[in-house]
1. Build a GNM of chain B with springs between Cα atoms under 10 Å: which of B:A187, B:A111, B:A36 gets the top mean-square fluctuation?
2. With a Förster radius of 25 Å, plug the Cβ-Cβ distance of B:R346 and B:S108 into 1/(1 + (r/R0)^6) and report the FRET value to the nearest 0.05.
3. Among rounded, prolate and oblate, which fits region A:163-261 when a ≥ b ≥ c are the square roots of the eigenvalues of its C-alpha gyration tensor, a/c under 1.5 means rounded, and a/b larger than b/c means prolate?
4. Give me the extension gain from B:R259 to B:H76: residue separation times 0.36 nm, minus the current Cα-Cα distance, reported in nm with one decimal.
5. How would A:V130, A:V143 line up from fewest to most surrounding beta-carbon atoms within 10 angstrom?
6. Label-point separation (nm) for A:K276 and B:L277, each offset 7 Å from Cα along Cα-to-Cβ?
7. Using a simple charge model, +1 on the beta-carbon of Lys and Arg, -1 on the beta-carbon of Asp and Glu, nothing else, what dipole does chain A show about its Cα centre, in debye to the nearest 20?
8. Work out the mean other chain Cβ neighbour count within 10 Å for the residues of A:199-207 and drop it here as an integer.
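Please treat every number below as a calculation from the coordinates, not as lab data. Here the structure is a predicted model, which is why all the values come from computation and not from measurement. Counting neighbours? That spans all protein chains shown, and the Cβs are built from the backbone with ideal geometry, glycine included.
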Protein chains: 2
Amino acid sequence: MSKPASSRTRRPEGLVISIDAMGGDHGPSVVVPAVARACERLDGRPVRFLLHGDAARLEPELARTPAAACVTEVRHTPLLVSMDEKPAYALRRSKGSSLWNAIESVKSGEAQAVVSAGNTGALMAISRLVLRMTEGMDRPAIVANWPSARGICAVLDVGANVVSDAEQLVQFAIMGSAFHRAVHGQAHPTVGLLNVGSEEMKGHEEVREAHRLLSETGLEIDYRGFVEGDDIAKGTVDVVVTDGFTGNVALKTAEGTARFISALLRETLTSSLWAKLGALSAAPALQRMKDRIDPRTINGGPLLGLNGIVVKSHGGTDAVGFGNAIKVAADLARSDYASEIDRNMRRLSTVLHSDPATAQAAE
Amino acid sequence: MSKPASSRTRRPEGLVISIDAMGGDHGPSVVVPAVARACERLDGRPVRFLLHGDAARLEPELARTPAAACVTEVRHTPLLVSMDEKPAYALRRSKGSSLWNAIESVKSGEAQAVVSAGNTGALMAISRLVLRMTEGMDRPAIVANWPSARGICAVLDVGANVVSDAEQLVQFAIMGSAFHRAVHGQAHPTVGLLNVGSEEMKGHEEVREAHRLLSETGLEIDYRGFVEGDDIAKGTVDVVVTDGFTGNVALKTAEGTARFISALLRETLTSSLWAKLGALSAAPALQRMKDRIDPRTINGGPLLGLNGIVVKSHGGTDAVGFGNAIKVAADLARSDYASEIDRNMRRLSTVLHSDPATAQAAE
């Protein structure tokens, strides 16, 4: 029997999370308070942090935040990868940077997960180089945690790739299902494949072939068939699988729509004295609604498919948002996520590389 | 010199619009009042209607609606294409149906545009067969009129195709630009190509090649480069071009997001006595906001690229919505739309089928 892939993610001495403390628009001034917040939200379970970055900027923040300082070790480096660095350039030139070193801590086994609010392309390129892909996985996928009428819908890929073939879409389904269970606690997450209609003959070749594979290969996932764009917010399924181009456009279109309607609502509720009075009277209720679709509460999109847990935070988020990204990393590291993926990947591989009769037997 | 393509769309005796009166969820009970509404909105300019469908159902509606009756001629047929008919089946079996005959009236030159709230697949298949594609156009595209912070953004294709190559994307840009000018009155509509980032090297091969063609071929369109999903609601450009798969997912995702937020808002404003009082006080302002994003006001998505004007109405809309679809058809029929497309298609063809030096000269 092979060594369980999750062996590295469980340690008796508690969890260690590595952080690129210089990433994002704000760096240490957001990261350090976020560490303190994350500790509160981790229910007292032991956790330590390795903060990679400029000690001269980190130390004063830690001095102001004792709750973070007592669980943190600073790993100094003066180098950082800028937010607009091209991935190819970052790969060649970023060795020794806070981003690189933060990922390296996972590779070496010192930490069980890494969180960065830095440059997405560089994070992905360095992660692939340093950690490498999980066996059998072709490409990483970025997950978005999407608020829906029924909770959180995990949508992937939302931008790690621009094209995905049928087998990659199946890999995304496996990863997304394991992710939803690990982080959102749904015991048997349902999975849908994004398409332009729900009939079997709809869509392009890749989605139809992925549909066939998902329907027939007997993976441990609860596949429900095709879903459409409006099923994401409806929460028709827990996990929506799509290629990175479509997923990225869908995510940004939804964000744009939400911002447009919010702006209209703001304009509406200040348009007259009566409207202002109304807004005042409904203020607590409106605040609860705002909290429910607050992008900070769903911050933290993991890069799935790597040998190690890598979580991307939004670059412009604050301590609340970054704290949530840390929580996602901790939940993943403490879960069975990796071994579950490992199990399903072996099953998929058996089916793909055998004749139909063997595939039946594998089920 | 070739005969101007728009010659059929201008007639001294006024405009004639052909309508599939049996299409949609409601048929004549929506279509007839919609005709009366459309007349009001066409500013007294002469227009007549051919209503194709069951006379026994149409006559009583017309008797109740004199404003529609006086501009209408009923073309009786007992046959209709059901909303869930497969396009291939509809093609073989629907000759003589209200949908087929309505399209045929455009082909014969009796009418200058056709409007249907019926089965989209059948409408597209029969239109392609009866009217055929405009010379040089490969495939039709469906346009969505998207409310944005700066007016209306025309997005195409939103579902006529599942894959589109670079040349088709350029054709969509040409059609979308001419459409926006004709219907939304923007003298020089700006055009963007939907992608996952705004840098030149981003995206898959088709969008990068389409970007190159749009940047270099000297078409009469104001091309502004790549845009992202959130640029649609922002109104960054007037026309957004994408393949039918991505466009359909984006449209439905936006609709889903809008419905989700509307439901949250409704729930919020009824959640407590104070919230209800607030909603009451802000009611007129909230109603104005609702009107602004009312899907009926943007109803009417033309199928572009055909030899004739074909407008699809939402199947479940009411007389207000169907009336708007008629207005879109009338605006297109009265515009320079067809000759403008013809001009740009000849220019594109010159560039595509010549060497780079000639292409330069064509500019």
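1. Among B:A187, B:A111, B:A36, the largest GNM mean-square fluctuation belongs to B:A187.
2. For R0 = 25 Å, the calculated efficiency reads 0.40.
3. Oblate is the answer for region A:163-261, as a/c is 1.5 or above yet b/c matches or exceeds a/b.
4. Full-extension gain reported as 62.0 nm.
5. A:V130, A:V143
6. Simple spin-label model gives 1.8 nm for this pair.
7. For chain A, the charge dipole is close to 1060 debye.
8. Per-residue shielding by partner chains comes out at 2.
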